[in-house]
Amino acid sequence: MSGATFVLNGRSVPFKLGQFILDAARDNGIQIPTLCYLKGLSPSGACRICLVEVKGARSLMAACSTPVAPEMDVATDSPRVHEARRLNTELLLSAGRHDCLLCEANGDCGLQELAYRYKVDGSFFPRNEDVYPVEDINPFIVRDFSRCILCGRCVQACNQLVVNRAISHGYRGKDSKIVTGGDNPYHQSDCVFCGQCVEVCPTGALTEKKMRGLGRPWETKRIRTTCPYCGVGCQMWLHVKDDRIVKVTAVEGAAPNDGRLCVKGRFGYDFIYSEERLKTPLIRENGQFREASWDEALNLVASKFTEVIEKHGPDAIAGVSCARSINEDSYQMQKLFRAVFKTNNIDHCART
Ligand code: FES
């Protein structure tokens, strides 16, 4: 239905058939706050932060899950809407232990942002006591259930984005919790530690263990780069403080990973600072390695290749490139063997 319009904050604006109010509003430059909404996935409507006023409707409607109809009259910023969002933020705050000063997510927390925006002082409702202890026995992810608002983004990310299906909603009422199969700790479950749950968590319920105490969001700068681990070329942000990586997150909206990373890309950056990392070529002489310059090492390799080719012909040598190399390196390797050495003896270990 091209040309369909609805009324958004008193203005007649276009929308696409089937669009939810949230997306149509964003397309028209109006941002509606959300907590549980995850772009591209089916809306769960769990947090009730995106409430808007629809003329003629008895109650406020969740913008993330209410389809727009032609001539619908929507107000996203009315006093009634603000009061509902403030109240819902206060309820979410009272449902857990949101002591921001000690929280790793301080400065990067959707709930904190809403509390500030809607001037919630947190004094009205009594706080729920902690029901579950913090789980931090795996090497990568800290699960602090007292900071969980049960928005379900982690469950959606695990089940629908990564399709790993390691976590789900469990228990009932005030005992509600995000659980793995059998409610086991992450490291004894189907979790593969891709960290997608951490990436989408809007509070401090799921945080990177390795970054604890290393830097607040406002102290770090983000540097975009390509993951060095394989040929896929995932796009990532390095969060860097004092020239040291404190965490890694995925770049949203960029090919090929569009906001996703695997366990190696997200958590496997310690090697950069390892004392055991090789920094110069090593040449073995009499069974012992000695450090060498790049020129010396490359000249040695070239002379060995030349020697074999002169003695036995080009087909006496072969090259296998590594699946962990970037595509450009594999391309250069085959070019070297085909064009310079004149042999087609090349292979790639991913094939095996
Ligand atoms: Fe709409 Fe949570 S964002 S209900």
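The values are calculated or read from the model by the stated rules, or taken from the named source; none is laboratory data. Just so we're clear, the structure is a prediction, and the values are computed from it rather than from any experiment. Here Cβ is always computed from backbone atoms with ideal geometry, including for glycine, and neighbour counts include all displayed protein chains. Areas reflect the complete protein model, heavy atoms only, side chains present, ligands, DNA and RNA absent. Shrake-Rupley method; radii C 1.70, N 1.55, O 1.52, S 1.80 Å.
Looking only at residues of the range 257-269 that are open to solvent by 70 Å² or more (accessible area, probe 1.4 Å) and farther than 13 Å from residue 229 by Cα, we find that the one that is farthest from the chain's Cα centre (by Cα) is 258.
Can you spot a residue in the range 294-309 that is within 23 Å of residue 229 (Cβ to Cβ) and basic (Lys, Arg)? So that I can check it myself, show each step before the final result.
Of the residues in the range 294-309, the ones within 23 Å of residue 229 (Cβ to Cβ) are none.
No: the range 294-309 contains no residue that is within 23 Å of residue 229 (Cβ to Cβ) and basic (Lys, Arg).
Here is a list of conditions, (1) open to solvent by less than 20 Å² (accessible area, probe 1.4 Å); (2) small (Gly, Ala, Ser); (3) out of contact with any Ser or Thr (no Cβ under 9 Å at 6 or more places or on another chain); (4) away from the ligand (no atom under 13 Å from the Cβ), and residue 96 meets all of them except one; can you say which number that is? With (1) open to solvent by less than 20 Å² (accessible area, probe 1.4 Å); (2) small (Gly, Ala, Ser); (3) out of contact with any Ser or Thr (no Cβ under 9 Å at 6 or more places or on another chain); (4) away from the ligand (no atom under 13 Å from the Cβ) applied to residue 96, the lone miss is (3).
Taking the residues in the range 216-232 that are buried (at least 16 other Cβ atoms within 10 Å of the Cβ) and either in contact with a strand residue (DSSP E or B) (Cβ under 7 Å, 6 or more places away or on another chain) or without any contact (Cβ under 8 Å) to a residue 12 or more places away in the chain (or both) as candidates, determine which candidate is farthest from residue 147 (Cα to Cα). Result: 227. With respect to (1) in contact (Cβ under 8 Å) with a residue 40 or more places away in the chain; (2) closer than 20 Å to residue 256 by Cα, the lone exception for residue 201 is condition (2).
Given 85, 48, which one is charged (D, E, K, R) and near the ligand (Cβ under 8 Å from one of its atoms)?
Unique residue meeting the criteria: 48.
Which one of these does residue 173 not meet: (1) closer than 21 Å to residue 246 by Cβ; (2) at pLDDT below 95? For residue 173, the exception is condition (1).
Criterion applied to 3, 18, 40, 56 was being more than 12 Å from the ligand (Cβ to nearest atom), part of a loop (DSSP other than H, G, I, E, B) and modelled with pLDDT of 95 or more, and the one residue passing it is 56.
Against the numbered list (1) out of contact with any Ser or Thr (no Cβ under 9 Å at 6 or more places or on another chain); (2) assigned to a loop (DSSP other than H, G, I, E, B), residue 289 comes up short only at (2). Of all residues being open to solvent by less than 20 Å² (accessible area, probe 1.4 Å) and part of a loop (DSSP other than H, G, I, E, B) in the range 130-144, which is nearest to residue 105 (Cα to Cα)? Just the residue, please. In this case the residue turns out to be 144. Going residue by residue through the range 59-81, is there one that turns out to be assigned to a helix (DSSP H, G or I) and more than 16 Å from the ligand (Cβ to nearest atom)? Yes: the range 59-81 contains one or more residues that are assigned to a helix (DSSP H, G or I) and more than 16 Å from the ligand (Cβ to nearest atom). Only one of the listed residues (127, 117, 85, 48) is of a type outside the set (A, V, I, L, M, F, W, C), crowded, with 21+ Cβ neighbours inside 10 Å and in contact (Cβ under 8 Å) with a residue 12 or more places away in the chain. That residue is 85.
Residues in the range 55-77 include at least one that is within 20 Å of residue 14 (Cα to Cα), touching a Pro at 6+ places or on another chain (Cβ under 9 Å) and open to solvent by 40 Å² or more (accessible area, probe 1.4 Å). Considering the range 270-286, the residues that are part of a loop (DSSP other than H, G, I, E, B) and open to solvent by less than 80 Å² (accessible area, probe 1.4 Å) include one that is nearest to residue 243 (Cα to Cα), namely 274.
Restricting to the range 21-36, count the residues that are within 16 Å of the ligand (Cβ to nearest atom) and assigned to a loop (DSSP other than H, G, I, E, B). Spell out the reasoning first.
The first filter runs over the range 21-36 and keeps only residues within 16 Å of the ligand (Cβ to nearest atom), leaving 21-26, 30-36.
Next, from what is left, pick out any that are assigned to a loop (DSSP other than H, G, I, E, B): 30-36.
Within the range 21-36, residues that are within 16 Å of the ligand (Cβ to nearest atom) and assigned to a loop (DSSP other than H, G, I, E, B) number 7.
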